[in-house]
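Below: one structure, written as structure tokens.
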Amino acid sequence: MTRERREPSLLSIRGLPTILVIGAAVFGGWAMLLPVVPLALSLSGESDAIAGASTAVFMAATVAVQLATPKLLRAWGYRRVLATGAALLGLPALALLLSTDAIPVLAISAVRGIGFGLITVAGAAFVAEITPEHQLGRASAAIGISSAGGQVVGLPAGLALVDLTSTAPVFVIGAFIPTIAMAAVALLPDVYPKSSDDGARRVRIPFTALVGPLLAMIVLAAALGGVTSLVPIATHDVAIVATIALAATSACQVAGRYAAGALSDRFGPGRLLSPSLAVAATGLVLLAFALHSDVWALGVIAGGALLGLGFGACQNDSLVVIFAAAGPYRRGSASAAWNIAYDGGTGIGALSLGVLATVQGYSLAFVVAAVAAAIAVPFTLKT
């Protein structure tokens, strides 16, 4: 009688535990400042549109550098790109102590966005580089969970610190945590992207394989960008509501990524894109209703939780679909495409929904986000 062969643990993959720690640190520091920077602008007297623009500028810089990151990975390797990104994301946040006026904050956001762009592309591609293909769904979920775990702590902690003290401690801690990741980078194996001949490198990822997952990521990332930027402002008179709601969003994002990773390895990627859009759209409608007149706390929290669950499942499923379509020689490009959709969508949502909220109110802004998610569903049905 033969024993069934057991699958090696993900944690036995060299470099994976370390990149999980880096992901948690980087995203924890990023998440602390994500709602606090727009809130600081609002407290300084700036409009909701300017508050949303801080996230939009951050994400615009992120997307711009993500386009160049695959080439940097081939030239520098993963460790140098990750260390540079951690430094640029963390250290400039200290300059926020000097001013929270619009122009300095937007400039600092742009520099930090460059660091974030380097980290996001390099981190996801590094995981795909070191992980066997049949374990990629769970490995992608693991890095997503570690990153979202940092957000679970960072998002509410930043707002709670502001409520208890001021924005200054958040700026200091938000600068310090990503800087810690620089030390951990030295523990990673010195990996470079797999080389290929020029012909293989010129073959593009099929466009039809990208439409569904990238569109799903763009619309849900836009919704999340709007929610994280605007809910703290909309509920400022009852700040604990935003703290709990964003914690629920991040926690359910972790749950969504975990479930999607396990299902992807078992049944194949792409099956959860449409359901994830539907769940997220339901959460956005609930948020719109909860903010229609007086703040309905339970509705805000439940709406954020549903958005996080749908977004987490979409994150993992879309990433594995794109890596599968890219093959082993284009992981940097695949990671860049996915991260551009994620971060570009986040910036678009923070700015456009911020403008819409300024003109028409928060409820209509979140209804528009829900409609966009519903429109994307047909494009994911054949993925």
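Could you tell me whether VAL320 is aliphatic (A, V, I, L, M), at negative phi, crowded, with 18+ Cβ neighbours inside 10 Å and not in a helix (DSSP H, G or I)?
Considered against the rule, which asks whether it is aliphatic (A, V, I, L, M), at negative phi, crowded, with 18+ Cβ neighbours inside 10 Å and not in a helix (DSSP H, G or I), VAL320 comes out as no.
If ALA247 satisfies every condition in (1) under 20 Å from ALA376 (Cα atoms); (2) open to solvent by 10 Å² or more (accessible area, probe 1.4 Å); (3) in contact with a Pro (Cβ under 7 Å, 6 or more places away or on another chain); (4) not acidic (Asp, Glu) but one, which is the exception?
Going through (1) under 20 Å from ALA376 (Cα atoms); (2) open to solvent by 10 Å² or more (accessible area, probe 1.4 Å); (3) in contact with a Pro (Cβ under 7 Å, 6 or more places away or on another chain); (4) not acidic (Asp, Glu) one by one, ALA247 breaks only (1).
How many residues are open to solvent by less than 40 Å² (accessible area, probe 1.4 Å) and at pLDDT 85 or above if we restrict to segment 1-34?
Counting residues in segment 1-34 that are open to solvent by less than 40 Å² (accessible area, probe 1.4 Å) and at pLDDT 85 or above gives 17.
Would you please list the contacts, defined by Cβ atoms under 6 Å and residues six or more apart or on different chains, that run from a residue in segment 338-362 that is free of Cβ contacts under 8 Å to residues at least 60 places away in the same chain and among the aliphatic types (A, V, I, L, M) to a residue that is open to solvent by less than 10 Å² (accessible area, probe 1.4 Å) and in a helix (DSSP H, G or I)?
LEU356/ALA365
Could you tell me which numbered condition LEU230 fails, if it satisfies all but one of (1) at pLDDT 90 or above; (2) open to solvent by less than 10 Å² (accessible area, probe 1.4 Å); (3) among the hydrophobic types (A, V, I, L, M, F, W, C)?
(1)
Identify, please: which residue in segment 139-166 is part of a helix (DSSP H, G or I) and of a type in the set (Val, Ile, Thr) and is, among those, nearest to LEU96 (Cα to Cα)?
VAL162
Out of ILE145, ILE108, ILE119, ILE114, report the one residue that is within 21 Å of GLU46 (Cα to Cα) and of a type in the set (Val, Ile, Thr).
So the residue among ILE145, ILE108, ILE119, ILE114 that is within 21 Å of GLU46 (Cα to Cα) and of a type in the set (Val, Ile, Thr) is ILE108.
Cβ contacts < 7 Å: first residue in contact (Cβ under 8 Å) with a residue 24 or more places away in the chain and under 14 Å from VAL185 (Cβ atoms), restricted to segment 11-26; second residue in a helix (DSSP H, G or I) and open to solvent by 40 Å² or more (accessible area, probe 1.4 Å), any location; separation 6+ or different chain. Result?
From residues that are in contact (Cβ under 8 Å) with a residue 24 or more places away in the chain and under 14 Å from VAL185 (Cβ atoms), the pairs are ALA25/ILE177; ALA25/ILE180.
Condition first: touching a residue at least 24 places away in the same chain (Cβ under 8 Å) and more than 18 Å from SER229 (Cα to Cα). Now tell me which residues in segment 294-311 satisfy that.
LEU309, GLY310 - these are the residues of segment 294-311 that are touching a residue at least 24 places away in the same chain (Cβ under 8 Å) and more than 18 Å from SER229 (Cα to Cα).
Across segment 127-166, which residue is farthest from TYR329 (Cα to Cα) among those that are surrounded by fewer than 21 Cβ atoms within 10 Å (Cβ to Cβ) and of a type in the set (Ser, Thr, Tyr)?
Looking at residues that are surrounded by fewer than 21 Cβ atoms within 10 Å (Cβ to Cβ) and of a type in the set (Ser, Thr, Tyr), I get THR165.
The values are calculated or read from the model by the stated rules, or taken from the named source; none is laboratory data. What you see is a predicted model; the values in this text were computed from it and never measured. Reconstructed Cβ throughout: ideal geometry from the backbone, glycine too, with neighbour counts over all protein chains shown. Keep in mind that these areas ignore ligands, DNA and RNA; they rest on the heavy atoms of the full protein, side chains included. Shrake-Rupley method; radii C 1.70, N 1.55, O 1.52, S 1.80 Å.
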